[in-house]
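Student: Dropping the structure in here first, questions after.
Since every read-out is calculated from the coordinates, none of them should be taken as a lab result. Note that the structure is a prediction, hence the values are computed from the model and not measured. Here the Cβ positions follow ideal geometry from the backbone for every residue, glycine too, while neighbour counts run over all protein chains shown.
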Amino acid sequence: MSQIVTQSSGGASPRAARYTRVAIVLHWVIAALIVVNVVLGLSADSLPDAWGRPAIDLHKSIGLTVLGLVLLRILWRVSHPPPPLPSGYSRLERVGAHLAHGGLYVLILLLPISGWLHDSAFKGAQAHPLRIFWVIPWFRIAAIRDLPAGPKEVLHGQLFALHVWLGYALYVLVALHILGALKHQFVDREKELQRMGLG
């Protein structure tokens with residue numbers, strides 16, 4: 001499959017090159033799962049007790065799914081280079097776009113990894129086996145799981161703080177990403193949203 005997809009209408013010039021269908025699907029599925037996980041993460045403490053544990057388990061399942069999907073997305077991107085940025089981008093905008101995309105990949109990787117590490121330090125892990133969507137058994141990281149209770153409890157708190165701050169950083173970067181895309185679409189009149197399959 002060709003990475004760059006172009007379409008033309010009559011005698012008009014070709015529209016902006018698009019990502020491949022696989023890249024577009026992975027982009028939007030990962031984005032949707034992250035939104036769901038943000039809602040679960042922020043609301044879990046306010047849910048009734050009977051719903052709290054299932055919500056946390058679902059949050060973990062989605063996080064591990066996102067980890068697998070973003071690894072797949074990175075492999076796809078390496079083997080299928082993205083379409084070139086529109087020619088109207090300034091040099092600063094090009095650098096900013098590359099840095100933002102790189103930062104998003106790093107954060108989307110680190111968030112589920114930090115959550116997995118945090119869960120591996122959970123003192124109640126033995127009573128709550130980790131299962132993806134309550135079906136697929138998953139392992140906790142033995143080097144953390146097998147620590148003595150005291151150090152493990154301290155690490156559990158530290159990893160939770162790291163997970164939360166990585167989440168805040170992702171919120172900021174996603175907001176900048178969305179604002180940048182909207183600016184290019186509606187102010188610069190570039191076909192930015194069409195590159196990712198919208199319109």
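Student: Set Lys and Arg Cβ to +1 and Asp and Glu Cβ to -1, take the dipole of the chain about its Cα centre, and tell me which of ALA127, ALA32, LEU147 lies farthest positive.
Tutor: Most positive-ward Cα: ALA32.
Student: With +1 on each Lys and Arg Cβ and -1 on each Asp and Glu Cβ, how big is the dipole of the stretch 81-162 about its Cα centre, in debye rounded to the nearest 20?
Tutor: Values: 7 positive and 4 negative charges, 13 e Å.
Using only the charged Cβ atoms, the result is roughly 60 debye.
Student: Let me ask something additional. Under a 10 Å cutoff between Cα atoms, tell me which one of VAL174, VAL187, VAL106 has the largest fluctuation in the Gaussian network model of the chain.
Tutor: Ranking VAL174, VAL187, VAL106 by mean-square fluctuation puts VAL187 first.
Student: Between the helical axis of 149-182 and the dominant principal axis of the chain, each derived from Cα atoms, what acute angle in degrees is found, rounded to the nearest 10?
Tutor: 20 degrees
Student: Going Cα to Cα from LYS123, which aspartates and glutamates come in below 14 Å? Please leave out same-chain ones fewer than 8 positions away.
Tutor: Partners within reach: ASP146, GLU153.
Student: Given the C-alpha centroids of the stretch 17-92 and the stretch 163-199, what is the distance between them in whole angstrom?
Tutor: Spelled out, the Cα-based centre of one part sits 13 Å from the other.
Student: Debye calculation, C-alpha points only, no solvent: report log10 I(q)/I(0) for the stretch 21-195 at q = 0.13, 0.15 Å⁻¹, in the same order as the q values.
Tutor: -0.74, -0.92
Student: Let me ask another. Kindly express, to the nearest 10 degrees and within the range 0 to 90, the angle between helix 91-120's C-alpha long axis and the longest C-alpha principal axis of the chain.
Tutor: Here the helix axis deviates by roughly 20 degrees.
Student: What is the magnitude of the charge dipole of the chain about its Cα centre, with +1 placed on the Cβ of each Lys and Arg, -1 on the Cβ of each Asp and Glu, and no other charges, expressed in debye to the nearest 20?
Tutor: Here the chain has a charge dipole of around 560 debye.
Student: Follow-up. Kirkwood Rh over Cα pairs of the stretch 10-96 into Stokes-Einstein at 20 °C, 1.002 mPa s: D in µm²/s?
Tutor: 134 µm²/s
Student: Angle, helix 49-79 long axis vs. longest principal axis of the chain, Cα atoms, 0 to 90°, nearest 10?
Tutor: Orientation of helix 49-79: about 40 degrees from the principal axis.
Student: Mind telling me which of ALA143, ALA32, ALA50 comes out most flexible in a GNM of the chain, alpha-carbon contacts under 10 Å?
Tutor: ALA50
Student: Here's another thing I want to ask about it. Considering the chain as a Gaussian network with a 10 Å cut-off on Cα pairs, which listed residue, LEU176, LEU67, LEU40, attains the greatest mean-square fluctuation?
Tutor: Result: LEU176 has the largest fluctuation of those listed.
Student: Only Cα pairs under 8 Å and at least 6 apart count here; give the relative contact order of the stretch 21-195 as a rounded whole percent.
Tutor: 22 percent
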